[in-house]
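Trainee: Let me begin by handing over the structure; questions about it come next.
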Amino acid sequence: MSAQHPRRKTPESIHASMLPSACSLDAVSTAQRVDPYWDELWVPGSHANWTTAYAERYRRDHGAAPGVPPRLLMEHDEYLPLLTTNRGRVNRQNAWSVMHAYRTVTAEQLAAFTGCRTFLDYRSAPLAASFASDLTDFGWFPVPRRLAGIHPGRNILYRPAATDVFKRLIAPTLTDPELLTVTGGQPWSSGGQYDRHNVLGAELALRAAEVLPMGTVMGESFASVDLLLGSGLGKTVKKPDNRRADGVIVRLDGLRIAYEITATASRGLENKVRRWAQALAAHPLETSGLVIVFIAAPHPDRKDGKNPLTAIRNAVSDVLRDFPGTGTDSPAARIGVASWADWFPARHELSELFFRLEADFAIGDGKGAAKWAPRGLLDEQKFEPWKTFDATAVIENAPLLGATPYWLRESGKDYTKLIGSPMDRSGEPVPHPTPANPKTAKGRQLGAGVGSAKDTQLPRRLRIIG
């Protein structure tokens, strides 16, 4: 039975400049940033034009003119000090964290996340050194039609490079708390880069953090099935795969609203919906706090493009036939469908539907989707966490992560308990003395050696000044 689609009136909207924004850098707030959906930047495709330091050096060494300023091709002894100096260290690490979390971001988005205007200029020391070392790549929008303006970085994008530079050059210079700030305990990776897709995911996170009453936001790197339903909750997911949502909006009570942005009706859409339905069916809402919303985001400037909204609804309807029921824990009650154009009807405009995070959910007779009904995920979605589930812990720990928007990190709270206190004060278990029979003991004995003296030295960061 095909689902009936709700007939929704054109939602009321307001320009972002009329709203108070938590982002105090006016030049990169929602009202001022490039609008990655409405600004006609991606025709004819969804990929930016990228370059790497390796490619530019190759051009230079073979007689061709490099496409970047000479500063971006500095040598090892020039860029390494800029990557390890104490000057600007926090901002630099926060920038790496944002790239790691969201995979691809615009210069304006990077400045908005970090609160640092420096990142609007790709020639600045931290970005130039990151590029020269092959830690990051630089990109440009393929069709920069509306980017003439006051911001020097309006047409620049950044992403992690597909190299081992972070592991080889950067990680050894970081303390454990700094490494946690950059990566959140996840492997540094360049995978999963889909330019328009990633930029839209980062933009949605920023807009939510700027204007909505919510707890925190997380990027793709922290939206895996394992983190959302398994190890991130202290549990184990059977046969976890590499599946990730495009981001997560965490409500003040800890409800996780994971979002999947879909530009086209791909052949794998139904399979993607099915895998999320299986995961939700196996993990009740009260112990996971997870709901999923699929957001249709077709290219608005493609006259022949098909809107995937209908395809998403059909895929959800088809999948739900195999997951009967509409109770609180059912996939039907926890998989919503929304439209980017409904949430953001025009350039820099936000609709009343976005302020509620309204999505459509399939309801019916319990044997499949009979019709659709709207529900506000911020104000109508009920969530009562199980008594042993600390749903808001993620909000309390988010300020430790450099990818968290800077206004959500400036809480004034002391996090020494988590990253630098003696173990007896931090609530962590204290190592036990050497057991009576070391041969039968598991793990390393207290006081046992850990490699050479060189291995046990402080990180270089704590052994140098400047």
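The values are calculated or read from the model by the stated rules, or taken from the named source; none is laboratory data. Please read these numbers as outputs of a predicted model, since none were measured by experiment. Here the Cβ is made from the backbone with ideal geometry for all residues, glycine too, and neighbour counts use every protein chain on show. The accessibility values were calculated without ligands, DNA or RNA, using every heavy atom of the protein model including side chains. Shrake-Rupley method; radii C 1.70, N 1.55, O 1.52, S 1.80 Å.
Trainee: Could you check, for region 285-305, whether at least one of its residues is touching a strand residue (DSSP E or B) at 6+ places or on another chain (Cβ under 8 Å) and open to solvent by 20 Å² or more (accessible area, probe 1.4 Å)?
Mentor: no
Trainee: State all residues of region 36-65 that are aliphatic (A, V, I, L, M) and within 23 Å of the chain's Cα centre (by Cα); if no residue qualifies, say none.
Mentor: Matches in region 36-65: LEU41, ALA48.
Trainee: What number of residues in region 164-215 are of a type in the set (D, E, K, R) and open to solvent by less than 50 Å² (accessible area, probe 1.4 Å)?
Mentor: So the count comes out to 6.
Trainee: Out of curiosity, is LEU233 closer than 27 Å to ARG207 by Cα and in contact with a His (Cβ under 8 Å, 6 or more places away or on another chain)?
Mentor: Criteria not met by LEU233.
Trainee: Here is a further query. Which of the residues belonging to region 280-302 are within 20 Å of VAL394 (Cα to Cα) and outside any strand (DSSP E or B)?
Mentor: Matches in region 280-302: LEU280, HIS283, PRO284, LEU285, GLU286, THR287, SER288, GLY289.
Trainee: Check ARG275 against each of (1) open to solvent by 50 Å² or more (accessible area, probe 1.4 Å); (2) free of Cβ contacts under 8 Å to residues at least 24 places away in the same chain and name the one condition it does not meet.
Mentor: Just one mismatch for ARG275, condition (2).
Trainee: Okay, moving on. Select from region 208-223 the residues that are in a helix (DSSP H, G or I) and over 13 Å from the mean Cα position of the chain (by Cα) and list them in ascending order.
Mentor: GLU210, VAL211
Trainee: Would you confirm whether or not region 36-57 contains a residue that is more than 30 Å from PRO298 (Cα to Cα), free of Cβ contacts under 8 Å to residues at least 60 places away in the same chain and out of contact with any helix residue (DSSP H, G or I) (no Cβ under 9 Å at 6 or more places or on another chain)?
Mentor: Looking through region 36-57, at least one residue is more than 30 Å from PRO298 (Cα to Cα), free of Cβ contacts under 8 Å to residues at least 60 places away in the same chain and out of contact with any helix residue (DSSP H, G or I) (no Cβ under 9 Å at 6 or more places or on another chain).
Trainee: Looking at this structure, is ARG89 farther than 30 Å from VAL211 by Cβ, open to solvent by 50 Å² or more (accessible area, probe 1.4 Å) and basic (Lys, Arg)?
Mentor: Criteria not met by ARG89.
Trainee: Looking at (1) closer than 30 Å to PRO324 by Cβ; (2) within 15 Å of the chain's Cα centre (by Cα); (3) of a type in the set (A, V, I, L, M, F, W, C), find the lone condition where LEU269 falls short.
Mentor: All conditions are met except number (2).
Trainee: Kindly provide the set of residues from region 66-79 that are more than 16 Å from THR118 (Cβ to Cβ), open to solvent by 40 Å² or more (accessible area, probe 1.4 Å) and touching a helix residue (DSSP H, G or I) at 6+ places or on another chain (Cβ under 7 Å), ordered by number.
Mentor: Residues satisfying the conditions are PRO66, GLY67.
Trainee: Quick one: which helices (runs of 4 or more DSSP H) lie wholly within region 27-145 and hold at least 3 residues that are at pLDDT 95 or above, within 30 Å of TRP343 (Cα to Cα) and of a type in the set (A, V, I, L, M, F, W, C)?
Mentor: Of the helices (runs of 4 or more DSSP H) lying wholly inside region 27-145, those with at least 3 residues that are at pLDDT 95 or above, within 30 Å of TRP343 (Cα to Cα) and of a type in the set (A, V, I, L, M, F, W, C) span 89-102, 107-114.
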